[in-house]
Amino acid sequence: MLQEYKSIKETGEHEIVIQKSRFIAHLKRTETEEEAILFIDKIKKKHWNATHNCSAYLIGENDLIQKANDDGEPSGTAGVPMLEVLKKRQLKDTTVVVTRYFGGIKLGQVV
């Protein structure tokens, strides 16, 4: 059993606008998959009219439970990169949901 590990201290939220699309990141410490799923569902319900609610989570000291969901974004372009950030930051028992309200410009498109 790990004596110490990194996780987030409290639930958080941060918003940014990129090329007219609004992105809202939601983070929460979740110690079970059920807690992670409930948190994701809560955010999806709150932002029901968003274009996407992509998510990722790592549960357990050895990351035994890990999932990523692109929620309609092109396969592998949202959830998996989010999961990789959690892994690289060595965060445990953490769930993240990124809500996107599409602003009409595809990312990577020259304006």
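What whole-number distance in Å separates the alpha-carbon centres of region 1-35 and region 61-111? What the calculation gives is 11 Å, centre to centre. For the cross-link pairs LYS45/LYS67; LYS46/LYS92; LYS6/LYS44; LYS28/LYS88, which exceed 23 Å when the distance is taken from alpha carbon to alpha carbon? In this structure, LYS46/LYS92; LYS6/LYS44 exceed 23 Å between Cα atoms. How far, in degrees from 0 to 90, does helix 33-46 lean away from the longest principal axis of the Cα atoms of the chain, to the nearest 10? Once rounded, the angle reads 20 degrees.
Taking other residues whose beta carbon is less than 12 angstrom from the beta carbon of GLU10, and scoring Lys, Arg as +1 and Asp, Glu as -1, yields +2. For the chain, the Cα-based Rg and Dmax, in that order, read 14.3, 51 Å.
Any read-out appearing in this document is the output of simple, stated calculations on the displayed coordinates, not a laboratory observation. These numbers come from a predicted model, not from an experiment. With ideal geometry, Cβ positions are generated from the backbone for all residues, glycine too; neighbour counts draw on all protein chains shown.
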